[in-house]
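Below is one structure, written out as structure tokens; comments come after it.
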Amino acid sequence: MPFYFDNWRKAPEIRALDLDVRMIWFEMLGFMWESTKRGYLTLNGNPVITPVISKMIGVDINVLERAIQQMEQFKVFSRSDDGTIFCRKMVRDEEIRAKKSIAGKVGMKKRYEKNNGSVISPVITKAIKLEIEHKKHEIQFFVKDLPNVRTLKNQLTFKEAIKLQTEHGISQVKNVLLAMENKKDLNKKYISVYLTCNNWCKRNKQETPEKRMDAFNISEKTDYTIPL
């Protein structure tokens, strides 16, 4: 059962209840959520009388009667024509959910018929497209925030970034780029972002964890130095 604590705290009719009455109402909400008719306090489709509610919740019937009287006083719940207690918000939310479900099925049927019964790919929203695009360019976006790396002559292309992600994984590539960013005189020793990053990633895989480079301890050995 979804529970919106903010709504619970702000509802004046709930705040007006005694603390023990609030807990009884909370227990009742749980049974309403699990009811075959969501939002209604029923058992096997029938209204539940006070003695049965007392047994279901586990409180003395006198305590329950006082609680129900207080809840009715502050209009916490409503009753249907047959006297069934129901939560107005839960019933309203269930009606909205049911309408959305029907609308979704109708929409899916129309799209299915429009495509002559073929399998329909999921609808990709603008936000999803932007997220996919960001994932593709994640390494390049990351490099933009590394001013030292950006001083290298040959910057990272889209194809090179994808190749690095595929071969070494985004996490490893980012760690190496951070190490490069912390390397003093980086642009005096290296030319290419891709070649340097790829070389360091491979070297990391070959070295033992104890010798693996970090942002402040980087081996000077490289095959990609500027010739003197």
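The values are calculated or read from the model by the stated rules, or taken from the named source; none is laboratory data. Given the structure is predicted, the values throughout are model-derived calculations rather than measurements. Counting neighbours? That spans all protein chains shown, and the Cβs are built from the backbone with ideal geometry, glycine included.
Could you list, in sequence order, all residues of region 53-69 that are among the polar types (S, T, N, Q) and farther than 16 Å from residue 29 by Cα?
From region 53-69, those among the polar types (S, T, N, Q) are 54, 62, 69; that's our starting set.
Listed by number, the residues that qualify are 62, 69.
Scan region 83-102 and give yes if some residue there is of a type in the set (S, T, N, Q) and either crowded, with 18+ Cβ neighbours inside 10 Å or at pLDDT 90 or above (or both), otherwise no.
Yes, that holds for at least one residue.
Exactly one of (1) out of contact with any Ser or Thr (no Cβ under 6 Å at 6 or more places or on another chain); (2) modelled with pLDDT under 90 is unmet by residue 70. Its number?
Unmet for residue 70, out of (1) out of contact with any Ser or Thr (no Cβ under 6 Å at 6 or more places or on another chain); (2) modelled with pLDDT under 90: (2).
For region 47-116, please list each of the helices (runs of 4 or more DSSP H) lying entirely inside it that holds at least 3 residues being under 16 Å from residue 20 (Cβ atoms) and over 37 Å from the mean Cα position of the chain (by Cα).
Numbers: elements: 50-57, 61-73, 88-114.
Passing ranges, in order: 61-73.
In contact with a Lys or Arg (Cβ under 9 Å, 6 or more places away or on another chain), crowded, with 16+ Cβ neighbours inside 10 Å and polar (S, T, N, Q): does that describe residue 42? Working first, answer last.
Working: in contact with a Lys or Arg (Cβ under 9 Å, 6 or more places away or on another chain): no; crowded, with 16+ Cβ neighbours inside 10 Å: yes; polar (S, T, N, Q): yes.
No; evaluated as a whole, the condition is false for this residue.
Just to be sure I understand, how many residues within region 17-39 are surrounded by 15 or more Cβ atoms within 10 Å (Cβ to Cβ) and either over 26 Å from residue 81 (Cα atoms) or of a type in the set (Ser, Thr, Tyr) (or both)?
Matching residues across region 17-39 total 1.
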